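Notes to accompany the following structure.
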Protein chains: 2
Amino acid sequence: MGSESRKTFLPLDPMSFSNESKAVIDFIADYYENVEKYPVRSTVEPGYLSARLPESAPYCPEPLDDILKDVHDCIIPGLTHWQSPNFFAYFQANASTAGFLGEMLCSGFNVVGFNWVSSPAATELESIVLDWMGKLLQLPSSFLFAGTGGGVLHGSTCEAAVCVLAAARDKALKELGGWENITKLVVYASDQTHFTFQKAAKLVGIPPSNFRFIETSFSTGFSMSPEKVRIAVEDDVKSGLVPLFLCATVGTTPTGAVDPIAGLGKLAVEFKLWLHIDAAYAGSACICPELRHYLDGVELANSISMNPHKWFLTNMDCCCLWIKEPKLLTDSLSTDPEILKNTATKSEAVVDYKDWQIALSRRFRALKLWIVIRRHGLANLMHHIRSDIAMAKRFEEFVRKDRGSRSWCQESSHWFASVVGGIYVIRCAIGATLTQQHHVDALWKLVQEKAHTLLKEREH
Amino acid sequence: MGSESRKTFLPLDPMSFSNESKAVIDFIADYYENVEKYPVRSTVEPGYLSARLPESAPYCPEPLDDILKDVHDCIIPGLTHWQSPNFFAYFQANASTAGFLGEMLCSGFNVVGFNWVSSPAATELESIVLDWMGKLLQLPSSFLFAGTGGGVLHGSTCEAAVCVLAAARDKALKELGGWENITKLVVYASDQTHFTFQKAAKLVGIPPSNFRFIETSFSTGFSMSPEKVRIAVEDDVKSGLVPLFLCATVGTTPTGAVDPIAGLGKLAVEFKLWLHIDAAYAGSACICPELRHYLDGVELANSISMNPHKWFLTNMDCCCLWIKEPKLLTDSLSTDPEILKNTATKSEAVVDYKDWQIALSRRFRALKLWIVIRRHGLANLMHHIRSDIAMAKRFEEFVRKDRGSRSWCQESSHWFASVVGGIYVIRCAIGATLTQQHHVDALWKLVQEKAHTLLKEREH
């Protein structure tokens, strides 16, 4: 009664916070109960939502029930259900209870830990959890705070790419003695590398014509050949250009290809290229000792990133970036305005993460990754990876035993078609949090049915 | 029993999701109940946390209770409590129940709406809510989807700045006919403009020496003089440089100064400068008709951004960016990889937000802003702004009536010192969600006591 009789506007009253939040928890739990029943891919047409919602904001407050009804009736039908066990498109975006709890605490505390003093726990937990994660991946100590490097949480690989490219760029421009040399800098990647690196290179001002796509092929599993990189680098040097940056991928988006890190690393050292390893997708798997070899040679890299928000049961968004020489990052990205001066920063005893990323503001994402790791433990995290791989192998076996079902291709409710090395392929990314073996079996049945129908149509 | 007897690892089981989430809700509600009791600024020393937590991740899963105990015992003491009603530092980061609910739904659905087809509702709700918000600010239709422009949600002003700077850069480089002209581009801001624009300009490859800080002074309320900008622009043109971009601020970080938008807008039109308005902080206030005049002249700008995650009861992170010619943004930022090709995109009937931002991945932030607006309604949102302003005016009155308490200055638990125009000031940002009048009165009492003590010390 006390709180109800108050006339004041109380947008963060603990009692209503608790009641309304629990109603939303029930709503989401119900969504998970039913997610399998929805068509994975929304069937709405462009513009569907503007026909259902008002054109302008309401003047008066609306009850939560009305809002949740609209979420149910208007939003859910327009979702592509990434958490459906039948979602096999793009890549997995693993939600988990632990990840959700971390997001709740992050949003609840709502601290803005741009530097140490603005919330010491946010900074320190992030450094600790980056070391935890780095150790799970058996990264050399040159990438850890416990050694001579360090790590940071970004929102996305592209953000990480922009930051390491800027660091590499600024180091090179300093050595070359002038900003006009920016037009000479060259970035190397394969034709399978995530397009985000091309975008990032252009964003930091490297001419798009200086981005080299090294050709890959089916015969080498779409992995990047160090010899082909060498030819491109030597060509550019001959032309008076300055090879700057090489991106190697562990688990490419189109096919999950793995570039040979050790071979590319030796080349990078020889030509003083900044080697970044993009392990966004498959990096998570390297916590399993039997899969760790994909990272062999990582000690030759300058930086490496991976996304727990893909295959590591961590809700969006969470990208780990480790760097061998954090000073190069902070030399490029640091700012020192009057308003943020403080004794902790002056003492140089602390990390100020604003100087490790694009933005000033940042969320307390470390809580999320910390809780994911603790709540599951390495044991269950490895179990998670291994059971997904077992399901993928089972599916691979289905395909291998079959013949000729390669001639149909449409974007569908479950998977996405793509062209890789001139070959039209159906991608199938197994590993959504809720996917179980019977979902994979059902997928194969669907594939067979669709292929059968198409082949029949052809005959007529 | 059914779910408990299963031996399978179930990281997203609806039952345990519900139980564990509700335990965390209780934890956060308890935090809000007690937040006033904590010292606003953490008293921990650098490195405090590594002494309390293990060096490596656990092998076995840990119970939620143990984790929450550590959050309570180890994390909370290391927080600077941005949600404390006694928080007056930096700027407000308004959490609210509505904002939290939106974050929960965003994290619960965990969809990745990088293009329309990957989750139509995420894209369409974002476009709708950007139009809602734009209308609340009475932006001209040239910034709305309902008109000829459009908007997008970013995580931060810096991200928005990087994107509009890249768009302006690429438009200019196209007109100038070659990437080597990047070294000629010049960006203008005042010495009060948020340092994020300087960082963003460097990030997109504009030489740091081409960033002009227009001097401001106490006498003109630290606002940027169009005449001074004109002098700088004309100087640069004479030197063969190319004036590119002008940033005007509505509510600067150091003092809340407002630049004269109309005057700067006319200048921008005359010299074909891209005018961006950074209304991150004070933009929220412009939903009140009596304060809307601060945006007069906005029709002359090319883009405008404001952060609901500051003063608009929206939990981190949420930055609105509106742009008059979205095509310039997408020309600069779009990518078209095989894996994302789809019929909706080909039809050009949809927005693909990946081409409006840095990253590919994106969270469904629109849910949050939509719920904040609906749950509060314009009526209560205006009430929120007006009551904060009333409290700030009350504090201003206290200061005005007092004399001579200007000679002490230390970073403290509640506010931050800064130097503005050579004057040492104590900043006090009133507007945390939970702040009430008696907190502001208590702050003034504390200021007086501290000043008194310092003056006494001086006498001795």
Open item on the list: For region A:36-54: of the residues being in contact (Cβ under 8 Å) with a residue 60 or more places away in the chain and in a loop (DSSP other than H, G, I, E, B), which is nearest to the other protein chains (Cβ to nearest Cβ)?
Closed with: A:41
Open item on the list: Take residue B:201 and tell me if it is at pLDDT 95 or above and either assigned to a strand (DSSP E or B) or in contact with a helix residue (DSSP H, G or I) (Cβ under 7 Å, 6 or more places away or on another chain) (or both).
Closed with: yes
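Please state which one of A:211, A:218 is of a type outside the set (Ser, Thr, Tyr), in contact with a Gly (Cβ under 9 Å, 6 or more places away or on another chain), more than 10 Å from chain B (Cβ to nearest Cβ) and surrounded by fewer than 24 Cβ atoms within 10 Å (Cβ to Cβ).
Only one candidate qualifies: A:218.
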Task: Selected residue (only one of A:89, A:146, A:57, A:93 is part of a loop (DSSP other than H, G, I, E, B), at pLDDT below 95 and of a type outside the set (Val, Ile, Thr)) - done: A:89
Open item on the list: Looking at region B:129-144 only, could you name the residues that are in contact (Cβ under 8 Å) with a residue 60 or more places away in the chain and either at the interface with another protein chain (Cβ under 10 Å from one of its Cβ atoms) or of a type outside the set (Phe, Trp, Tyr) (or both)?
Closed with: B:129, B:130, B:132, B:133, B:134, B:136, B:137, B:138, B:139, B:140, B:142, B:144
TODO: Inspect all residues belonging to region B:253-261 and state whether any of them is surrounded by fewer than 19 Cβ atoms within 10 Å (Cβ to Cβ), farther than 30 Å from residue A:420 by Cα, touching a residue at least 12 places away in the same chain (Cβ under 8 Å) and of a type in the set (D, E, K, R).
DONE: no
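Okay, residues lined up against (1) of a type in the set (D, E, K, R); (2) touching a residue at least 60 places away in the same chain (Cβ under 8 Å); (3) surrounded by fewer than 24 Cβ atoms within 10 Å (Cβ to Cβ); (4) farther than 30 Å from residue A:17 by Cβ:
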position	(1), (2), (3), (4)
B:278	yes, yes, no, yes
B:306	no, yes, no, no
B:320	no, yes, no, no
B:339	no, no, yes, yes
B:362	yes, yes, no, no
TODO: Kindly indicate whether any position in region A:296-314 is within 16 Å of residue A:132 (Cα to Cα) and aromatic (Phe, Trp, Tyr).
DONE: yes
Open item on the list: Quick check on region A:242-259. Is at least one of its residues out of contact with any Pro (no Cβ under 6 Å at 6 or more places or on another chain) and farther than 17 Å from residue A:193 by Cα?
Closed with: yes
- [ ] Name, by its number, the condition in (1) within 30 Å of residue B:257 (Cβ to Cβ); (2) surrounded by fewer than 23 Cβ atoms within 10 Å (Cβ to Cβ); (3) at the interface with chain A (Cβ under 7 Å from one of its Cβ atoms); (4) of a type outside the set (Gly, Ala, Ser) that does not hold for residue B:85.
- [x] (3)
Open item on the list: Of the residues A:372, A:419, only one is surrounded by 13 or more Cβ atoms within 10 Å (Cβ to Cβ), at pLDDT 90 or above and either in contact with a helix residue (DSSP H, G or I) (Cβ under 6 Å, 6 or more places away or on another chain) or at positive phi (or both); which?
Closed with: A:372
Task: Matching residues, region B:309-343, being in contact with a Gly (Cβ under 8 Å, 6 or more places away or on another chain), closer than 27 Å to residue A:197 by Cα and not in a loop (DSSP other than H, G, I, E, B) - done: B:319, B:320, B:321, B:322, B:323, B:326
Open item on the list: So, in region A:148-202, how many residues would count as being of a type outside the set (S, T, N, Q), away from chain B (no Cβ under 12 Å) and over 17 Å from residue A:278 (Cβ atoms)?
Closed with: 8
TODO: Please state which one of B:62, B:103, B:33 is within 7 Å of chain A (Cβ to nearest Cβ) and within 23 Å of the chain's Cα centre (by Cα).
DONE: B:103
Task: Hits in region B:348-387 (condition: at the interface with chain A (Cβ under 7 Å from one of its Cβ atoms) and not aliphatic (A, V, I, L, M)) - done: B:361, B:363, B:374, B:375, B:376, B:377, B:380, B:383, B:384
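Checking the condition facing another protein chain (nearest Cβ under 8 Å) and more than 26 Å from residue A:383 (Cβ to Cβ), which residue from B:67, B:76 passes?
Among B:67, B:76, only B:76 is facing another protein chain (nearest Cβ under 8 Å) and more than 26 Å from residue A:383 (Cβ to Cβ).
The values are calculated or read from the model by the stated rules, or taken from the named source; none is laboratory data. Since the structure is predicted, the reported quantities are computational estimates derived from the model, not experimental observations. We place every Cβ from the backbone using ideal geometry, glycine too, and count neighbours over all the protein chains shown.
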